[in-house]
Amino acid sequence: MSRCSRPDLDRALGFELSNQQWEVVSAPLEPAVVVAGAGTGKTTSMAARVAWLVAGGYVRADTVLGLTFTNKAAAGLLGSMRSSLSRLEAAGLIDPEREAEHRGIDDDEGIDDDEGTGDPQVLTYNAFAKRIIDEHGVRLGREPNSVLITDGARHQLAYRVVCRTTLPLAEFGNSPIHLTGELLALDDQLADLAISPLALIEHDQEAIAQLQGHDSLQGIGKKMLATSQLRVALAGLVIQWRAEKLSRDVQDFADQTRLALELVQAFPDIAEKVRGRFAVVLLDEYQDTSIAQRMLLQGLFGNGHPVTAVGDPCQAIYGFRGASVDNIDSFDEHFPIVRSGVKSHPVHYPLTSNRRSGPAILAVANEISHDLRARHQDVEPLVAGSIDRGRGIVQCALFETSAEEKSWIVQQIRQLGEGGRGQKSIKWGDIAILAATGRDLVDLDTALRVHGVPTQLHGAAGLLRQPAVVEIRSMLEVLHNPIANPALVRILTGPRFRIGVRDLAALGRRAAVLAGGGHRQVTTDVTDALDDAVAGSDPVEAISLSDALADLGDLTAYSPEAARRFAALATEIAQLRRQVGEPITDLINRILYSTGLAVEIAVSSSAEQQQYAVTSLLDLAAEFTDIDGGHTLGAFLSRLTDAERFDVQLPVDIVMHDNAVQLLTIHKAKGMEYPHVFVPSVAKGAFPGGSGASAWPTSAAAVPW
């Protein structure tokens with residue numbers, strides 16, 4: 001019996017746990033599932049459970065393992081655990097001296113790293129897998145502390161593998177960029193599903209033989225045959241890709257779980273050591289774990305070890321990295337209670353009291369999720385835990401066109417922020433727009449800014465579309481590449497130089513003459529046509545507007561003011577090109593001050609936001625290292641291009657601006673709270689978007705069921 005009663009715990013924590021939360025907190029030390037609906041206090045419950053177990057002498061704090069998905073979530077969970085433990089210690093419910101005795105140390109002695117620090121261990125699932133690899137990977141020929149490559153570097157290296165391979169990929173008629181995407185998608189799926197490339201090749205070769213055994217095939221049969229043939233080649237490419245990573249001693253996220261699982265399956269003593277270290281395991285967001293992650297956890301703790309999986313099948317929203325909602329639905333089978341060799345089903349504890357939303361909002365949520373809840377075990381409707389925030393309001397606005405919808409959203413947001421129609425104005429930062437993808441947010445961001453509403457667009461789209469970043473990036477491209485014509489046109493037609501169409505065309509004609517002919521024409525469509533004009537051409541033959549700037553020829557071809565501005569920019573570029581070899585951060589700062597951009601940012605109407613964007617770009621540049629360990633300007637620009645070309649995220653988080661409307665994707669916003677939320681494009685095919693995973697009979701990047 002614990003010496004920490006429920007009243008004691010409530011007093012120490014400073015609030016009363018609900019009956020459902022108390023059931024979770026005081027559950028026996030055995031496998032269990034907590035089905036925690038949205039906003040029902042799962043983090044609070046997990047932290048309180050750890051404190052209760054430690055206060056009762058059941059476990060030491062440093063033998064508790066918590067796993068979740070993001071560094072932010074891990075920090076939040078650890079912070080909650082520390083807070084609960086310190087509150088119980090302050091209330092006299094935890095004896096520090098007894099905790100020290102349990103660890104075999106005196107209060108005035110240091111704690112060896114291997115013995116823990118007295119804190120629970122809270123990691124991301126991937127960090128936990130990496131720890132296993134670092135400690136035991138030498139058994140698989142892996143050196144400790146392999147470098148984890150970023151998404152951009154991963155795509156760059158995979159692209160090289162595709163371009164160098166001798167596998168018969170050309171016959172399939174796909175571009176290297178397309179094959180790179182398919183290679184990485186297939187590698188991820190194989191890793192997340194714990195299937196080897198050789199097993200996939202064997203499966204598809206059998207399918208090929210079966211299909212070729214027919215005298216004739218219908219259309220779908222021909223597609224399946226071609227898909228299986230391409231998938232065999234891609235699986236061979238996966239083998240080469242993994243060998244390339246091994247030779248460079250680098251890993252990506254998919255490798256971490258895959259290699260940790262290989263180790264645990266090959267060496268049973270690893271599981272014994274891990275179980276001996278951790279007395280209690282808490283698995284957060286368990287509905288989003290992959291099959292490989294579940295197999296790893298099952299191999300480590302699936303023998304009746306005290307594992308509590310916390311999650312909600314109705315929040316299994318991600319669908320990437322092999323996430324399988326079946327893991328939480330089948331927890332009873334994977335993690336049974338074991339007593340005297342007899343297995344039994346774990347208890348399922350519900351958390352249904354939502355403390356974030358009003359009853360009206362929850363009524364809509366429950367209605368929408370009714371059929372979904374019916375497909376899963378023990379998922380109950382949400383109930384309002386408090387009415388302090390009011391009932392809540394849900395509005396559904398229907399429009400004929402997306403333009404009408406955007407206009408209405410802008411109008412509503414302006415009224416909220418400016419206090420229209422007799423309403424009290426609110427902070428812009430209390431308003432959020434959530435969409436399925438970042439692309440959906442760009443137009444709304446522009447529309448709001450046109451009407452003077454401050455905004456903050458998150459993610460890669462938010463960073464690369466900020467005016468200051470566009471200006472800096474354009475100059476970097478011009479300094480790096482003399483034929484970066486689209487970038488130079490952006491600078492010339494921008495607010496600093498404001499070159500008109502006639503003078504720009506004259507500069508283009510001069511560039512064509514310098515290139516040795518007049519057959520090429522420079523168009524003023526800076527977003528597409530210029531890029532297309534030089535794509536794939538020989539750089540020696542391509543026209544260079546930069547060369548024309550340096551040699552304008554007959555000045556009467558331009559207006560006097562344009563000739564002056566051309567000369568000023570040519571001088572600026574020539575001076576900056578002398579500094580291209582210095583660190584990228586230094587070069588960016590030099591651009592900021594030599595072009596006067598720093599002053600423009602300081603006096604602009606969005607000064608704070610632009611400064612945040614520039615700071616984020618500088619942080620990205622400071623942390624950047626290409627796949628070969630270099631820091632070249634060209635590699636950095638390629639990294640930014642890859643973020644757009646391969647639709648990958650940049651590892652930057654723009655600092656939250658309190659007085660700006662927040663524009664985020666649904667996934668980025670998970671767990672956040674805003675008083676006013678707009679969800680645009682709720683329409684078939686747009687939101688939540690797509691038709692789910694690709695069908696394996698016609699998609700070579702998808703693993704057959």
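The values are calculated or read from the model by the stated rules, or taken from the named source; none is laboratory data. Please read these numbers as outputs of a predicted model, since none were measured by experiment. Cβ coordinates were reconstructed from backbone atoms using ideal geometry, including for glycine residues, and neighbour counts include every protein chain displayed. Accessible surface areas use protein heavy atoms only, side chains included; no ligands, DNA or RNA. Shrake-Rupley method; radii C 1.70, N 1.55, O 1.52, S 1.80 Å.
Between the beta carbons of Val394 and Arg465, assuming R0 = 41 Å, the FRET efficiency works out to 0.85 to the nearest 0.05. Listed options for semi-axes √(5λ) of the Cα gyration tensor in Å are [x] 55, 38, 33; [y] 39, 30, 26; [z] 50, 34, 27. The value calculated from this structure is the one marked [z].
Grab the other residues whose beta carbon is less than 12 angstrom from that of Asp388, score K and R as +1, D and E as -1, and report the net. Mind dumping the intermediate values first?
On the way: positive: Arg355, Arg356, Arg389, Arg391; negative: none.
Once all neighbours under 12 Å are counted, the net charge is +4.
Carbon-plus-sulfur accessible fraction, the chain (probe radius 1.4 Å, protein heavy atoms only): 51%.
What ranking, highest mean first, results for peptides 263-275, 447-459, 177-189 when packing means the other Cβ atoms within 10 Å averaged over each residue? Spell out each step's value before the answer.
Details: 263-275: 15.5, 447-459: 18.7, 177-189: 21.8.
The densest-packed peptide leads the list: 177-189, 447-459, 263-275.
Specify whether the C-alpha gyration tensor of the range 220-379 places it in the rounded, prolate or oblate class, a ≥ b ≥ c being the square roots of the eigenvalues: rounded for a/c under 1.5, otherwise prolate if a/b is larger than b/c and oblate if not.
Working: a/c = 2.13, a/b = 1.24, b/c = 1.72.
Here the range 220-379 falls in the oblate category.
Between Thr698 and Ala374, what's the calculated FRET efficiency when r is the beta-carbon distance and R0 is 41 Å? Round to 0.05. Write down the numbers at each step before the final one.
Working: r = 31 Å, r/R0 = 0.76.
Efficiency for this residue pair is about 0.85.
Report summary: the helix-based calculation at 222 nm, which adds -39500 (n - 2.57) for every DSSP H run with n ≥ 4 and divides by the residues of the chain, gives -15500 deg cm²/dmol. Stretching Val138 away from Ser386 to a fully extended chain increases their span by 83.9 nm, per 0.36 nm per residue minus the current alpha-carbon distance. Here the label points at Ala360 and Tyr674, each 7 Å from Cα along the C-beta direction, are separated by 1.9 nm in the simple model. Summing charges over all other residues whose Cβ lies under 12 Å from the Cβ of Phe335, with Lys and Arg as +1 and Asp and Glu as -1, gives -1.
Axis angle, to the nearest 10 degrees, between helix 607-623 and the longest C-alpha principal axis of the chain: 80 degrees. Note on Ala170/Ser604: beta-carbon distance plugged into 1/(1 + (r/R0)^6) with R0 of 56 Å gives a FRET efficiency of 0.65.
Under 8 Å for C-alpha pairs, at least 6 residues apart: give me the relative contact order for the chain, rounded to a whole percent. Mind showing how you got there, number by number?
On the way: 997 pairs, mean separation 113.8, N = 705.
Relative contact order comes out at 16 percent.
Taking label positions 7 Å along the Cα-Cβ direction at both Asn659 and Ile239, the computed distance is 6.2 nm, reported to one decimal. Taking the Cα centre of the chain as the origin and placing charges on Cβ (Lys, Arg +1; Asp, Glu -1), which of Leu282, Ser604, Ala316 is farthest toward the positive end of the dipole? The listed residue farthest towards the positive side: Ser604. Between rounded, prolate and oblate, where does the range 543-615 land on the alpha carbon gyration tensor, with a ≥ b ≥ c its root eigenvalues, rounded for a/c under 1.5, else prolate if a/b exceeds b/c? Verdict is oblate for the range 543-615.
Step through the table entries Lys42/Lys424; Lys273/Lys670; Lys406/Lys668; Lys273/Lys668; Lys72/Lys343; Lys427/Lys670, compare each Cα-Cα distance with 25 Å, and write down the pairs that go over it. Among Lys42/Lys424; Lys273/Lys670; Lys406/Lys668; Lys273/Lys668; Lys72/Lys343; Lys427/Lys670, the Cα-Cα distance tops 25 Å for Lys42/Lys424; Lys273/Lys670; Lys273/Lys668; Lys72/Lys343. Rolling a 1.4 Å probe across the protein heavy atoms gives the chain an accessible surface of 48 Å² per residue.
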